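Student: One structure is given below, represented as structure tokens, and several questions about it will come after.
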Amino acid sequence: MTWLRAAALAAAAALLGGCQTVPGGGRSQLILVDDDALAREAGEAFAQMPRARDEAALARIRAVARKVIAAARTCPKYGDPSLPPPERWEIVLVDDPTPNAFAMPGGRIGVHRGMLPFLPTDGDLATVLSHEVAHVACRHGAERVSQGLLAALGAVAVDQAMADKPASRRQEALALYGAAATLGVILPYSRDHESEADRLGMAYMARAGYDPTAAIAFWRRFAASKEGGAPEFLSTHPSDKTRVRGLEAMLPEALAIRNEAQRASTPPTGASR
Ligand SMILES: [Zn+2]
């Protein structure tokens, strides 16, 4: 997530205020950064990532990603029509052995080659890509950067308030403030983000025609694999039980979305029954 840190600096220059709502009528969120600035910074970080040469894997990722993106734009209730159309997204396989995947504002997706062993089926791939595209639809990157900016502004205020106190006291207060801001604001929000991305992602993959039960199986399997050292991808993700419970709660709605999408795409035959 280091591209977010770089993005924060540039985006701060284009500070805008705004309250938004997460797609699907979810919670409202405070966005303090300009989307275009964020997308530009993300694009620069993206351009510098090393590409892996595996044309077959890349073709598969692109095919599934395009279906998922189309679904994310048109999904009833949870869709975000402002996402760029599928053909405008840059989709790459990153030459990095760590199991990770990401999507960036402005239409960019990266899958690390180290993620491929966890994605034997297209349902697995759709699970991961839908989850990442949902982070973009929910503007979680912009929200995280905004939270970081607020925390930084708060730290400046603490420093000023303590200006006449001895330096050691100021250091102590700042350290405490930093810990509180991180634990109290940034971490819980991040878990919310993950749960939101899980729910919307499940709706998107269902809309794209994939079986949403694959998401539950995937996250169970992926969580079990972290025993031998947690991959970065999981570091802010909710506890496995919370995650699976959230996915199971979303499943009936996702199945209904999938049925509806299949009805709509089946041409009427007019005959049998
Ligand atoms: Zn996530």
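Student: Among 206-219, 141-154, 43-56, how do they line up by average Cβ neighbours within 10 Å per residue, starting with the highest?
Tutor: Per-residue Cβ counts within 10 Å, averaged per peptide and sorted highest first, yield 206-219, 141-154, 43-56.
Student: Could you pull out every residue, at least 5 positions away or on a different chain, whose amide H is within less than 5 Å of the one on CYS75? Hs are placed 1.01 Å off N in the peptide plane, and Pro or chain starts have none.
Tutor: Under 5 Å from the amide H of CYS75: ASP80.
Student: Assuming a ≥ b ≥ c are the square roots of the Cα gyration tensor eigenvalues, decide whether region 39-194 counts as rounded (a/c under 1.5), prolate (otherwise, with a/b larger than b/c) or oblate.
Tutor: prolate
Student: Taking amide hydrogens as modeled 1.01 Å from N in the peptide plane, which residues meet the under 5 Å criterion relative to ASP96, leaving out close sequence neighbours?
Tutor: ARG113, GLY114
Student: Using only Cα atoms, figure out Rg for region 14-120 and give it as a multiple of 2.2 N^0.38 Å.
Tutor: Dividing the Cα Rg of region 14-120 by 2.2 N^0.38 Å gives 1.19.
Taken together, the values in this text are just the output of simple stated rules run on the coordinates, not laboratory data. Keep in mind that what you see is a predicted model, and the values were worked out from it rather than measured. Cβ: placed from backbone, ideal geometry, glycine included. Neighbour counts: every protein chain shown.
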